[in-house]
1. I want to confirm something. Restricting to the range 147-161 and keeping residues that are open to solvent by 70 Å² or more (accessible area, probe 1.4 Å) and in a loop (DSSP other than H, G, I, E, B), which single residue is farthest from residue 45 (Cα to Cα)?
2. So which residues in the range 175-187 are open to solvent by 30 Å² or more (accessible area, probe 1.4 Å) and more than 15 Å from residue 210 (Cα to Cα), if there are any at all?
3. Applying the selection to the range 100-125, what residues are open to solvent by 80 Å² or more (accessible area, probe 1.4 Å) and hydroxyl-bearing (Ser, Thr, Tyr)?
4. Taking the residues in the range 126-146 that are assigned to a loop (DSSP other than H, G, I, E, B) and touching an Asp or Glu at 6+ places or on another chain (Cβ under 9 Å) as candidates, determine which candidate is least open to solvent (accessible area, probe 1.4 Å).
5. Output the number of the condition that residue 122 fails; it satisfies all remaining conditions of (1) over 19 Å from residue 194 (Cβ atoms); (2) in contact with a strand residue (DSSP E or B) (Cβ under 7 Å, 6 or more places away or on another chain).
Amino acid sequence: LLLIIPYLAIALSVQFRSIAGLAGVPQEGLVVPPLLWGIVLAFALFASITLHELAHCFVALRFGGSVRSITLMLVGGASQLSRIPRRPYQEGLMAVVGPVTSLGLGGLLYLAYAASRGARPDLQMALFYVAAMNLTLGLFNLLPAFPMDGGRVLRAVLASRLSHERATQIAGTIGKICAFILGGLGIWAGNLLLMLVAVVLYSGAKGEMAQERLHAELEGLRAVDLLPHARQPAPVIAAEQS
């Protein structure tokens, strides 16, 4: 996070002219300098990601889950849940509420931008770009690439007909394929951020698949079942009598 905020601030300040053009805002009317705009928009992006993750946590808590923390990272955010709802419809709802929150927030901000014609150019610029970031965040997370939100929705649909382990393996394989596609696009376009997303996506899918296999193997076992000599009777040593 400490690395990506300066990177985003500089990248957004470099793209300042094109952003202003997309927003239909005259550059000469803007008071805030480009680098400060980049910093403001970078923090606005991570504030939007935090709201996205809070939506996941709210639904998880409603279904009896337990939330330990929210971590903002180089390529987004992650909610750390110590107790995750396992029913397919609960997992599906918990996954889809994040993108829905981002899309809803983006839609409201875009309506506010459309209604701000004639207002200060700086306000129009902010409303437009934060709306665009949230819409992009919501649509990107709906990709069926496990363990992204769209991939978790896919697993929930599959788990309603298959075992949870089998659904995870299928969704995880699709997630790995999507990671290879994103990585290839990142290499072709020379986009470092897209390549990092592909690496995180692949490692996340691999880790979730391994965790689900472990959960399936340990399900129904007691702690005593994992001790190889726990159920064997203690050896009886007979003392010799002289």
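The values are calculated or read from the model by the stated rules, or taken from the named source; none is laboratory data. Since this is a predicted model, take the numbers as computed values, not measurements. Every residue, glycine as well, gets a Cβ built from its backbone with ideal geometry; the counts of neighbours run over all protein chains shown. Ligands, DNA and RNA are stripped out before the accessible areas are found, and what is left, the full protein with its side chains, is counted by its heavy atoms. Shrake-Rupley method; radii C 1.70, N 1.55, O 1.52, S 1.80 Å.
1. Once the filter is applied, the top-ranked residue is 161.
2. Those that are open to solvent by 30 Å² or more (accessible area, probe 1.4 Å) and more than 15 Å from residue 210 (Cα to Cα): 177, 178, 180, 181, 184, 185, 187.
3. Matches in the range 100-125: 110 only.
4. So, considering only residues that are assigned to a loop (DSSP other than H, G, I, E, B) and touching an Asp or Glu at 6+ places or on another chain (Cβ under 9 Å), the one least open to solvent (accessible area, probe 1.4 Å) is 146.
5. The single condition residue 122 does not satisfy is (2).
Residues are listed down the side, and each one gets a yes or a no for (1) under 20 Å from the mean Cα position of the chain (by Cα); (2) in contact (Cβ under 8 Å) with a residue 24 or more places away in the chain:
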| site | (1), (2) |
| --- | --- |
| 166 | no, no |
| 169 | yes, yes |
| 172 | yes, yes |
| 176 | yes, yes |
| 181 | yes, no |
| 189 | no, no |
| 193 | yes, yes |
| 203 | yes, no |
